[in-house]
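K.L.:
Before I ask anything, here is the structure I am working with.
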Amino acid sequence: MTTPHLILVPGLMCDAASWAPMLPALQGHAQVHVVDHGQADDLVTMAQQILDAAPETFHLAGHSMGGRVALEVMRMAPERVQALALLGTGYRPKEAGAAGEKEVQTRQALLDVAQRDGVRMMAQVWVQNMVAPSRLTDAVLIEEIVQMFQRKSEDVFKRQIRALLARPNASDVLQQLRVPTLLMAGEWDTWASPQQHQAMADLMPARPTVQVVTGSGHMMMMEKPEAVAAHFVSWLKL
């Protein structure tokens with residue numbers, strides 16, 4: 001049996017380091033390619049970049065913003081995706097009214113910190129809500145996340161925020177999914193909760209079970225790589 005190509009799509013300000021801890025467990029199960037969003041400032045462009053560089057068919061996994069990009073790939077070329085994994089992500093557009101304005105203000109506040117005090121300082125603020133409470137004292141993990149963010153500029157941060165605020169509604173994509181789909185959420189993830197992933201599952205024809213990663217926040221691949229990898233290995237065999 002041919003080993004499938006697996007394209008991994010990182011989230012906001014993330015790179016290959018976000019997936020690295022789980023990759024050893026995937027050896028022999030997939031040929032792994034990690035995406036770099038470059039200077040793109042909208043999800044459709046990010047998705048098109050993936051399609052332009054990808055093999056003819058592939059497995060696709062996206063985390064956070066990367067999950068939304070993966071859904072745009074599915075919208076554009078569903079026939080090329082053999083299986084889909086969505087981790088710590090969502091599907092709704094920015095809300096109208098006060099809720100949407102609150103999101104804009106929250107993201108702008110982080111951008112202001114990055115532009116005023118640097119990306120490292122912004123990352124130190126951001127990470128406080130992105131890992132499980134028990135991992136906030138894990139200095140090695142926190143520094144790995146902060147350094148990952150620091151490798152990108154405040155301009156890239158601004159571009160990716162612009163992409164997220166303009167995100168489309170992906171409900172229709174979920175309703176039309178016909179490929180094996182893995183849904184994963186961190187137990188402590190407040191940005192992309194298990195309940196949000198259940199709402200996504202309820203839209204899908206196959207109604208997949210949401211796999212909740214115990215003891216993890218938003219950065220599940222770095223917090224609990226063994227648990228995430230185990231689910232990936234099972235999914236790759238479907």
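The values are calculated or read from the model by the stated rules, or taken from the named source; none is laboratory data. Computed from a prediction, not measured in an experiment: that's the story for all the values here. Quick reminder, even Gly has a Cβ in these numbers, built from the backbone with ideal geometry, and neighbours come from all protein chains shown.
K.L.:
Looking at ASP172, ASP202, which one is assigned to a helix (DSSP H, G or I) and under 29 Å from GLY38 (Cα atoms)? Quick ask: steps written out before the conclusion?
P.N.:
Values: ASP202 fails: under 29 Å from GLY38 (Cα atoms).
Going through ASP172, ASP202 in turn, just one is assigned to a helix (DSSP H, G or I) and under 29 Å from GLY38 (Cα atoms): ASP172.
K.L.:
Looking only at residues that are polar (S, T, N, Q) and closer than 19 Å to ALA114 by Cβ in the range 7-59, which one is surrounded by the fewest Cβ atoms within 10 Å (Cβ to Cβ)? Walk me through it before giving the result.
P.N.:
First pass over the range 7-59, keeping only residues polar (S, T, N, Q): 18, 27, 31, 39, 45, 48-49, 57.
This time we only want the ones that are closer than 19 Å to ALA114 by Cβ, so: 18, 39.
Details: SER18: 23, GLN39: 10.
If we take residues in the range 7-59 being polar (S, T, N, Q) and closer than 19 Å to ALA114 by Cβ, then GLN39 is surrounded by the fewest Cβ atoms within 10 Å (Cβ to Cβ).
K.L.:
Could you tell me which of the residues ALA185, ALA199, ALA132, ALA206 is assigned by TED's automatic domain parsing to the domain that holds ASP112, aliphatic (A, V, I, L, M) and at pLDDT 95 or above? It would help to see each step written out before you state the result.
P.N.:
Values: ALA185 fails: assigned by TED's automatic domain parsing to the domain that holds ASP112; ALA199 fails: assigned by TED's automatic domain parsing to the domain that holds ASP112; ALA206 fails: assigned by TED's automatic domain parsing to the domain that holds ASP112.
The unique qualifying residue is ALA132.
K.L.:
While we're here: Would you confirm, using the coordinates I've provided, whether ASP41 is among the acidic types (Asp, Glu), more than 17 Å from ALA192 (Cα to Cα) and part of a helix (DSSP H, G or I)? Step through it out loud before you land on a result.
P.N.:
Working: among the acidic types (Asp, Glu): yes; more than 17 Å from ALA192 (Cα to Cα): yes; part of a helix (DSSP H, G or I): no.
So ASP41 fails the test.
K.L.:
Kindly indicate which of VAL173, VAL146, VAL213 is in contact with a Lys or Arg (Cβ under 8 Å, 6 or more places away or on another chain), assigned by TED's automatic domain parsing to the domain that holds GLY90 and more than 15 Å from LEU84 (Cβ to Cβ). Can you show your working first?
P.N.:
Details: VAL173 fails: more than 15 Å from LEU84 (Cβ to Cβ); VAL146 fails: assigned by TED's automatic domain parsing to the domain that holds GLY90.
When all the criteria are applied, what remains is VAL213.
K.L.:
From the list LEU71, LEU60, pick out the single residue that is of a type in the set (A, V, I, L, M, F, W, C), more than 22 Å from VAL127 (Cβ to Cβ), in a helix (DSSP H, G or I) and touching a residue at least 24 places away in the same chain (Cβ under 8 Å). Steps first, please.
P.N.:
On the way: LEU60 fails: in a helix (DSSP H, G or I).
Criteria check complete, one pass: LEU71.
K.L.:
Being over 17 Å from SER216 (Cβ atoms) and surrounded by fewer than 17 Cβ atoms within 10 Å (Cβ to Cβ): is that true of GLN105 here? Show your work before the answer.
P.N.:
Details: over 17 Å from SER216 (Cβ atoms): yes; surrounded by fewer than 17 Cβ atoms within 10 Å (Cβ to Cβ): yes.
Answer is yes for this residue.
K.L.:
Of all residues in the range 24-42 being free of Cβ contacts under 8 Å to residues at least 40 places away in the same chain and of a type in the set (A, V, I, L, M, F, W, C), which is farthest from GLN150 (Cα to Cα)?
P.N.:
So the residue we want is VAL32.
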